[in-house]
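Okay, structure first, notes after.
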């Protein structure tokens with residue numbers, strides 16, 4: 001089963017995450033099928049906190065990929081901010 005989840009990268013105490021589509025049986029930082037966006041919880045200055053290719057996300061959800069709880073919450077927050 002395919003999952004849409006966060007993959008950690010960055011340095012110690014400076015985490016950044018990629019939102020990826022990956023097989024649910026792979027490791028958190030292992031192989032992935034496609035990159036959907038980036039999440040930087042410690043964004044400063046002009047750096048963006050979250051970017052997402054919404055068209056790719058919607059296409060993968062239609063194909064049956066299930067977002068993780070964290071990914072679902074981030075996407076919900078971004079969509080709410082876009083409407084406001």
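Among the residues of segment 10-22, is any under 25 Å from residue 82 (Cβ atoms) and over 14 Å from the mean Cα position of the chain (by Cα)?
So in segment 10-22, the residues under 25 Å from residue 82 (Cβ atoms) come out as 15-21.
Of the ones still in play, those that are also over 14 Å from the mean Cα position of the chain (by Cα) are none.
The answer is no; no qualifying residue exists.
So which residues in segment 41-67 are over 18 Å from residue 24 (Cα atoms) and in a loop (DSSP other than H, G, I, E, B), if there are any at all?
Of everything in segment 41-67, those that are over 18 Å from residue 24 (Cα atoms) and in a loop (DSSP other than H, G, I, E, B) turn out to be 41, 42, 43, 44, 45, 46, 47, 48, 49, 53.
How do the pairs read when you match residues in segment 18-35 that are in a loop (DSSP other than H, G, I, E, B) with residues anywhere that are crowded, with 17+ Cβ neighbours inside 10 Å, using Cβ under 6 Å and keeping only pairs 6 or more apart or on different chains?
24/3; 29/7; 32/20; 32/22; 33/21
The rows are residues; the columns are (1) under 15 Å from residue 6 (Cα atoms); (2) in contact with a strand residue (DSSP E or B) (Cβ under 6 Å, 6 or more places away or on another chain); (3) surrounded by fewer than 17 Cβ atoms within 10 Å (Cβ to Cβ); (4) at pLDDT 90 or above.
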{"position": "59", "(1), (2), (3), (4)": "no, no, yes, yes"}
{"position": "62", "(1), (2), (3), (4)": "no, no, yes, yes"}
{"position": "68", "(1), (2), (3), (4)": "yes, yes, yes, yes"}
{"position": "80", "(1), (2), (3), (4)": "no, no, yes, no"}
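Going by what's in this entry, would residue 8 be described as loosely packed, with under 13 Cβ neighbours inside 10 Å and assigned to a strand (DSSP E or B)?
When the stated conditions are applied, residue 8 passes them.
Against the condition on the phi < 0 side of the Ramachandran plot, surrounded by fewer than 17 Cβ atoms within 10 Å (Cβ to Cβ) and either in contact with a strand residue (DSSP E or B) (Cβ under 6 Å, 6 or more places away or on another chain) or assigned to a loop (DSSP other than H, G, I, E, B) (or both), how does residue 3 come out, does it pass?
For residue 3, the condition - on the phi < 0 side of the Ramachandran plot, surrounded by fewer than 17 Cβ atoms within 10 Å (Cβ to Cβ) and either in contact with a strand residue (DSSP E or B) (Cβ under 6 Å, 6 or more places away or on another chain) or assigned to a loop (DSSP other than H, G, I, E, B) (or both) - is not met.
The values are calculated or read from the model by the stated rules, or taken from the named source; none is laboratory data. These numbers come from a predicted model, not from an experiment. With ideal geometry, Cβ positions are generated from the backbone for all residues, glycine too; neighbour counts draw on all protein chains shown.
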